[in-house]
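Let me begin by presenting the structure, written as structure tokens, before commenting on it.
The values are calculated or read from the model by the stated rules, or taken from the named source; none is laboratory data. Please read these numbers as outputs of a predicted model, since none were measured by experiment. No Cβ is skipped: glycine too gets one built from the backbone with ideal geometry, and neighbour counts run over all protein chains shown.
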Amino acid sequence: MANQPELLVEELALLGEGPLWLPDSKQIVWVDIEGLCIHLFTPGTGVSRVIQVGDRIGVIVPAEDGRLICALQNGLYFLDLESEELEFIADPESDRPENRFNDGKCDPAGRFWAGTMPIEGDDLLGALYRLDREGKVLRMLTEVGCSNGLAWNAEATSMYYIDTVTGRVDHFDYDVHSGNIENRRTAFHIPPGQGFPDGMTMDREGMLWVAHWGGSCVSRWNPVLGECLERVLLPVSQVTSCCFGGDQWEELYITSARVNLSEEQLLREPLAGGIFRYTPGVSGMPAHVYKL
């Protein structure tokens, strides 16, 4: 282990998720789903900012024109960081008020993928959607319990996907030209007693870093061999997601949650809901950008 994770800033989210590094402004950005807001923090200056969006927000991704795309409970929106104004794109689940959007990411061709989940319970009511460059939304998967982490390999031939309730990371063959996925199979399972897979990212060596909800750690995996290479323990149980950032993409930023924890648990986990920084000794890659 290269070092120990450190708390980055004393802003504890109810349900922190979706960290994203913005290289131009050198900011780490993350959402608080139940806090209905976006956090921005500049490690170099210590300056923080909060943008209220007025709705549950599952994830944010960069767009090539400098805006962000947000997956809110009631659909997909552009967000202008300067004006803080939202612009509606689409709501493919306007007929499913019992669902909300959760995690998402852009693929190597600049399409935005985001999935849904039930607000209550773990029935298979969610789905995975793809927003193409021309603004068309396609439903790519159905019968999803809790749509979560996404990652693509450097060769743009594989997509990795997490439906948290399954306890596993799945592997798809991916066609970068069409955006189609097929041949779903299991890459690896999270071992019993280590929680459930949540968000994830990939490093420059093609290894996956997976956040463990209820498992107090992030783990590094070889997805081809299905082999766990490392576990990084954190002082919080509900670890939600991770991303690479920093000047050389050498830092791993890790989000967590305090929602649904009892008073007794919060006494044991006073940093629950915090965002942590860890230097793993391997670098990551910039997030793919949504292409207009």
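Restricting R220, R268, R277, R258 to residues that are surrounded by fewer than 23 Cβ atoms within 10 Å (Cβ to Cβ), among the basic types (K, R) and free of Cβ contacts under 8 Å to residues at least 24 places away in the same chain narrows the list to R268. Residues in region 254-292 that are farther than 20 Å from L233 by Cβ and part of a loop (DSSP other than H, G, I, E, B): V259, N260, S262, S283, M285, P286, A287, H288, V289, K291, L292. For region 178-233, the tally of residues that are part of a loop (DSSP other than H, G, I, E, B) and either touching a helix residue (DSSP H, G or I) at 6+ places or on another chain (Cβ under 8 Å) or among the small types (G, A, S) (or both) stands at 9. All of D123, D95, D103 fail the test of being closer than 21 Å to D198 by Cβ and either assigned to a loop (DSSP other than H, G, I, E, B) or modelled with pLDDT under 95 (or both), apart from D123. Return the total of residues in region 38-71 being over 15 Å from the mean Cα position of the chain (by Cα) and in a strand (DSSP E or B). Number satisfying all stated conditions: 10. Pull up region 157-177, narrow it to residues that are outside any strand (DSSP E or B) and touching a residue at least 24 places away in the same chain (Cβ under 8 Å), then point me to the one that is surrounded by the most Cβ atoms within 10 Å (Cβ to Cβ). Per the criteria, the residue is T164.
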